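We did not get these values from a lab; they are worked out from the coordinates using the rules stated. Quantities reported herein were computed from a predicted structural model and do not represent experimental measurements. Neighbour counts run over all protein chains shown; Cβ positions are idealised from the backbone, glycine included.
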Amino acid sequence: MLHKILIIVIAVLVLLVIAKLFSGCHRHSHFCKAHHSHEKKAQWVIKKISKELKLNEQQKVELERIKDEIMAKKAEFKVNHDEIKNAVLFQVKSDTVDQAALNGLFGDKELEFKEMRAFLINKFSEFHSILTPEQRLKLADKMEKFHSKKHH
C-alpha cells in the first residue's frame with residue numbers, strides 16, 4: 001500500500017515528468033542535482049515546455065496557472081503523505097498494530113487519491129487543450145523518443 005502512495009505522490013509531479021521528456025534528465029545530471037525545490041523544478045519545466053513547444057503568451061499564462069494549481073495541490077497532498085508516514089511509524093513503535101485505525105486511515109486516503117487522480121487528469125486535459133495540433137504532435141514525438149531511450 002505504501003508503494004501505491006509513493007506512485008500517486010509522484011504522479012502529482014506530472015509537469016516534472018514532462019520536463020524530463022524534454023531534458024533527458026537522469027539521476028546524475030546537473031539539473032537534477034542543482035535544483036532542489038519543487039518550485040524551481042516546476043519553473044524550469046514551464047520555461048522548457050514554453051521554449052520547446054514555442055508557446056505563445058496566452059499559452060504561457062495558462063501553463064503557469066496550471067502549474068500553480070498543481071503545486072498547491074501537491075503541497076496539500078504532501079501533508080497527507082506525512083500523515084500516513086507518521087501513522088505507520090506510530091504503529092511500528094506500538095506494542096500492537098491497530099488494524100482498524102490503519103484501515104480507516106488508508107480508506108480515507110484512497111478517496112483522496114481518487115480525487116487527486118481526477119484533479120491531475122483534469123489538469124492534463126487543460127494543458128492538452130491549450131496546445132495546437134502541431135504542438136501536441138511535437139510533444140508526442142518528444143515523449144516517444146524519451147520512452148524509446150528509456151526502454152532500450
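A few notes on this one:
- Single match in K145, K114 (criterion: part of a helix (DSSP H, G or I), at negative phi, charged (D, E, K, R) and touching a helix residue (DSSP H, G or I) at 6+ places or on another chain (Cβ under 9 Å)): K145
- Residue pairs whose Cβ atoms lie under 8 Å apart, sitting 6 or more positions apart in sequence or on different chains, and linking a residue in the range 38-66 that is aromatic (F, W, Y) to a partner that is crowded, with 17+ Cβ neighbours inside 10 Å and in a helix (DSSP H, G or I), are W44/A19.
- Hey, I130 touching a residue at least 12 places away in the same chain (Cβ under 8 Å), under 27 Å from E39 (Cβ atoms) and either aliphatic (A, V, I, L, M) or loosely packed, with under 11 Cβ neighbours inside 10 Å (or both) or not: yes
- Single residue of I121, I70 found to be in a helix (DSSP H, G or I), at negative phi and in contact with a Lys or Arg (Cβ under 6 Å, 6 or more places away or on another chain): I70
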